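**Q** Have a look at this one before I ask anything.
The values are calculated or read from the model by the stated rules, or taken from the named source; none is laboratory data. Since this is a predicted model, take the numbers as computed values, not measurements. In this analysis, Cβ positions are derived from the backbone assuming ideal geometry, glycine residues included, and neighbour counts consider all displayed protein chains. Please note that ligands, DNA and RNA were not included when accessible areas were found on the heavy atoms of the full protein model with its side chains. Shrake-Rupley method; radii C 1.70, N 1.55, O 1.52, S 1.80 Å.
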Amino acid sequence: MRIFDTHAHLLDEQFDSDRDALIASLPEAGIARVMEACCDEAQIDRVVALVARVPFFYGSAGVHPHSASEWTNETGDHIRTALTRERMAAIGEIGLDYHYDFSPRDAQKACFDAQLALSAELHAPVIIHDREAHGDCMDLLRAYRGKLSGVMHCFSASYEIAKECIDLGLYVAFGGALTFKNAVNQWDIASRLPLERLLIETDCPYMTPVPFRGTRNDPRRIVLTLQKLSELRGVDAEELSETLYQNAFAAFGIKA
Ligand code: NI
């Protein structure tokens, strides 16, 4: 079995005590590829350095909606330069977060729009974070119809929105929340969408699957999300993992 964790934050300080040992343990646990998602401009060069030294890691560069207030034109140039590096494969994570509202909504929309424009210019896939902002998020994505590729990360909207995202050229990723006991809506969506447009991810150290909720998440826990999706789809887990693995390469426009 080989699995692509399409969204992880191994640079989070929660991994400071054991990051290298944990990363070294991933291949034997079946975690063959990892996409390290960048959160803010200060992290861009750290993602580039991590990806440069770990051959099975890919990276993104981008500014999360929480940090949208810090966006400048120079930030765009920083992302542009980072994406010239090997295995730096996406712009992310970018989007809107109206749950926390850590940056004003106008700043979030401007920062998201600027990064979508950059993705269209560079033909770079995006990693999208949409939390309780589905209306504005979809309005911005529709403005880039025909120019989008990438992933709706940690999908939490409706089946109709998922279908529209797929029509816009995006993949839909599910994480540990799929294992939660009340995730009825997510189970329905994950069982009905076309399999060739699905991905799995951890979003570690967050979103820890059942039965480990409340503890730090890491890429090895993705197996629990795979198993849940395997039950929902009625597909053998090993066969499913290979399909999702290939999907991830397609979503990020990278070669195996
Ligand atoms: Ni994330």
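**Q** Does segment 197-255 come out rounded, prolate or oblate by the C-alpha gyration tensor, with a ≥ b ≥ c the root eigenvalues, rounded set by a/c under 1.5 and, if not, prolate when a/b is larger than b/c and oblate if not?
**A** oblate
**Q** Right, next: Rounded to the nearest 20 debye, what is the charge dipole size of segment 1-135 about its Cα centre when +1 sits on each Lys and Arg Cβ and -1 on each Asp and Glu Cβ?
**A** Values: 11 positive and 23 negative charges, 105 e Å.
With only Lys, Arg, Asp and Glu charged at Cβ, the dipole is about 500 debye.
**Q** Restricting attention to segment 93-175, which chymotrypsin sites (Phe, Trp or Tyr not before Pro) occupy a DSSP loop and are surrounded by at most 12 other Cβ atoms within 10 Å? Intermediate values should be presented prior to the final figure.
**A** Values: sites: TYR98, TYR100, PHE102, PHE112, TYR144, PHE155, TYR159, TYR171, PHE174; in loops: TYR98, TYR100, PHE102, TYR144, PHE155.
Here the chymotrypsin sites (Phe, Trp or Tyr not before Pro) that fit, given the DSSP loop and packing criteria, are TYR100.
**Q** Quick check: the distance between the Cα centres of segment 32-107 and segment 164-180, to the nearest angstrom?
**A** 20
**Q** When N counts the residues of the chain, how does its alpha-carbon radius of gyration compare numerically with 2.2 N^0.38 Å, as a ratio? Intermediate results must be reported in sequence, preceding the final value.
**A** Working: Rg = 16.7 Å, N = 256, 2.2 N^0.38 = 18.1 Å.
Compactness ratio reported: 0.92.
**Q** Does segment 148-229 come out rounded, prolate or oblate by the C-alpha gyration tensor, with a ≥ b ≥ c the root eigenvalues, rounded set by a/c under 1.5 and, if not, prolate when a/b is larger than b/c and oblate if not? If you can, show how the numbers build up before the last one.
**A** Working: a/c = 2.23, a/b = 1.66, b/c = 1.34.
Prolate, since a/c reaches 1.5 and a/b exceeds b/c.
**Q** Check each of the chymotrypsin sites (Phe, Trp or Tyr not before Pro) in segment 26-77 and keep only those in coil by DSSP with at most 15 other C-beta atoms within 10 angstrom; list them in order.
**A** Values: sites: PHE56, PHE57, TYR58, TRP71; in loops: PHE56, TRP71.
Loop-located and lightly packed - PHE56.
**Q** Also, quick follow-up: Leaving out ligands and nucleic acids, note down the accessible area per residue over segment 1-107 with a 1.4 angstrom probe, in whole Å².
**A** 42
**Q** May I ask you to give the percent of accessible area on the chain that is carbon plus sulfur, with a probe radius of 1.4 Å?
**A** On the way: 5200 of 10680 Å².
Ligands and nucleic acids excluded, carbon and sulfur reach 49 percent.
**Q** Which of ASP45, ASP139, ASP113 ends up with the largest GNM mean-square fluctuation for the chain, with Cα atoms connected below 10 Å?
**A** Looking only at ASP45, ASP139, ASP113, the largest GNM fluctuation is found for ASP139.
**Q** Less than 26 Å apart at the alpha-carbon level, and either on another chain or at least 8 residues along: which lysines does that give for LYS109?
**A** Here the lysines satisfying the reach criterion relative to LYS109 are LYS147, LYS163.
**Q** How large is the accessible surface of MET207 in square angstrom, using a 1.4 angstrom probe and rounding to the nearest 10?
**A** Around 60 Å² of this residue is reachable by solvent.
**Q** Select from LEU140, ASN217, LEU198 the residue farthest towards the positive end of the dipole of segment 120-233; place +1 on Cβ of Lys and Arg, -1 on Cβ of Asp and Glu, and compute about the Cα centre.
**A** After comparing all options, I get ASN217.
**Q** When only DSSP loop residues count, what trypsin sites (Lys or Arg not before Pro) in segment 170-256 have their Cβ near at most 16 other Cβ atoms within 10 Å?
**A** On the way: sites: LYS181, ARG192, ARG197, ARG213, ARG216, ARG220, ARG221, LYS228, ARG233, LYS255; in loops: LYS181, ARG213, ARG216, LYS255.
Those that pass, being in a loop and sparsely packed, are LYS181, ARG213, ARG216, LYS255.
**Q** Once the dipole of segment 1-79 is set up with Lys and Arg at +1 and Asp and Glu at -1 on Cβ about the Cα centre, which of LEU50, PRO65, ALA24 lies farthest towards its positive end?
**A** Positive-end residue among those listed: ALA24.
**Q** Can you tell which of ALA32, ALA24, ALA173 shows the greatest fluctuation in a Gaussian network model of the chain with Cα springs below 10 Å?
**A** ALA24
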